[in-house]
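For reference, the structure is listed below as structure tokens.
The values are calculated or read from the model by the stated rules, or taken from the named source; none is laboratory data. Computed from a predicted model, the values in this text were never measured in an experiment. Cβ placement follows ideal geometry from the backbone for every residue including glycine, while neighbour counts extend to all protein chains displayed. All accessible areas refer to the heavy atoms of the entire protein, side chains included, with ligands and DNA or RNA removed. Shrake-Rupley method; radii C 1.70, N 1.55, O 1.52, S 1.80 Å.
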Amino acid sequence: MVTTSSRSAGPRAQPAASAQAGLLEAVPFACALFSAGGALLAGNARYREEFGELAEHAQREALLALLHAGGEDEAREVRAPHSGRWYALHWGRAEHQGAPAQVLTAIDISERIETLDSHKTRQEKLLFTSRLMSVGEMAATLAHELNQPLAAIMNYLNGSLRLVEQAGGPVQVERALHAARTQAEHASAVIARVREFVRAREPRRDAHDLGQIAATVLELLRLEAERLQLRIDLGLPAQLAPVFADRVMIEQVLLNLVKNAIEAMRDIPTARRELRIDARMNLDDQIEVRVSDRGAGLSPAEQDQLFSPFFTTKTDGLGIGLAICRSIVEYHQGRLFFEPREGGGSVFGFTLPRYEARA
């Protein structure tokens with residue numbers, strides 16, 4: 001407690017004030033003395049250095065309000081808005097020239113807070129890694145278990161096609177069987193790539209036409225789009241340069257974005273269900289693909305967490321689709337992004353390097 005007592009402002013008050021100032025300067029952290037009315041009476045160099053630039057530093061109530069520190073009888077941990085540093089505030093009672101006063105001490109605890117945050121972040125990363133390992137194990141198990149029934153489906157389809165060709169069956173049946181075999185082959189390729197991804201093998205990147213990738217994805221989702229009476233516009237330039245990518249991985253990214261766009265428009269009027277896929281060369285000399293929908297869009301809070309693992313806006317979603325998409329796109333030296341669509345809706349896009357500009 002700082003105590004000074006003087007019955008006059010004469011010569012004896014000057015040594016007392018000097019002693020008081022010396023005592024404040026001896027404190028190794030920010031320290032200040034306020035009158036009962038809340039005015040600053042004195043502050044050491046550390047207080048002036050850390051709080052002096054605040055206009056509120058000379059008034060107790062204003063300083064407390066700025067720091068959201070509560071009353072002077074409460075000890076609080078606060079973050080200074082001007083510096084971003086954390087302080088533990090403590091108040092004490094004192095006397096100044098025979099009148100009651102309050103002493104504020106502000107101890108810089110930024111290092112402790114950062115250590116705690118770092119520890120929390122490490123724990124969250126460990127939990128996240130554990131969950132991803134579980135997801136990887138499940139993916140490997142599913143891929144293994146699905147291979148056998150897929151192989152059987154392929155055999156049945158090939159046998160059915162031979163029978164239809166020999167018997168001269170309806171063209172519609174033959175076309176449907178060919179389409180089913182194509183989808184089964186695609187599913188088999190996806191499973192093979194999942195197994196390779198889980199085993200951390202190097203993906204196979206080569207020159208690929210985005211138009212063909214988009215056509216494959218849209219064929220997979222054609223029935224779903226027709227069921228929802230949803231119009232899909234494809235705006236890919238005819239002379240668009242080939243991308244340097246792993247075809248199956250980029251098909252999975254585009255498939256995920258288009259599926260999300262379709263699901264976002266389930267509850268809107270049929271006339272507004274419009275999905276568009278565009279591509280262009282951007283200013284960074286990369287191919288930019290954009291998937292636009294007319295759904296309800298996303299709130300600012302949802303946008304902030306959009307690509308966080310295990311965050312989802314779907315009631316039955318796992319929250320790993322966009323996180324995996326971002327990992328795939330970043331592996332390709334591209335970026336995954338979101339922006340609101342003018343007139344309502346969302347735009348999800350990603351960039352890929354041109355084959356000619358590959359590193």
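Before moving on, here are some points about what is shown:
- Residue in segment 45-67 that is modelled with pLDDT under 90, within 13 Å of Glu95 (Cβ to Cβ) and part of a loop (DSSP other than H, G, I, E, B) present: no
- Selection status of Ala39, in contact (Cβ under 8 Å) with a residue 24 or more places away in the chain and open to solvent by less than 60 Å² (accessible area, probe 1.4 Å): no
- Sole residue being closer than 30 Å to Arg266 by Cβ and at pLDDT 90 or above, chosen from Ala214, Ala207: Ala214
- Answer residue from segment 226-247, given it is surrounded by 17 or more Cβ atoms within 10 Å (Cβ to Cβ) and of a type in the set (Gly, Ala, Ser) and is farthest from Val329 (Cα to Cα) among those: Ala241
- The residues of segment 115-165 that are over 18 Å from Ser188 (Cα atoms), of a type in the set (S, T, N, Q) and at pLDDT 85 or above amount to a single one, Ser160.
- When Gly159, Gly169 are checked against the criterion of being small (Gly, Ala, Ser) and not in a helix (DSSP H, G or I), a single residue qualifies: Gly169.
- Residues that are open to solvent by less than 40 Å² (accessible area, probe 1.4 Å) and either charged (D, E, K, R) or more than 19 Å from Leu218 (Cβ to Cβ) (or both), drawn from segment 258-273: Ile268, Arg273
- Looking across segment 262-306, the residues that are farther than 29 Å from Arg227 by Cβ and over 24 Å from the mean Cα position of the chain (by Cα) come down to Arg280, Met281, Leu283, Asp285.
- Top-ranked residue of segment 72-115 - restricted to ones that are of a type in the set (Ser, Thr, Tyr) and assigned to a strand (DSSP E or B), ranked as surrounded by the fewest Cβ atoms within 10 Å (Cβ to Cβ): Thr105
- Residue check for Arg204: touching a helix residue (DSSP H, G or I) at 6+ places or on another chain (Cβ under 9 Å) and part of a loop (DSSP other than H, G, I, E, B): yes
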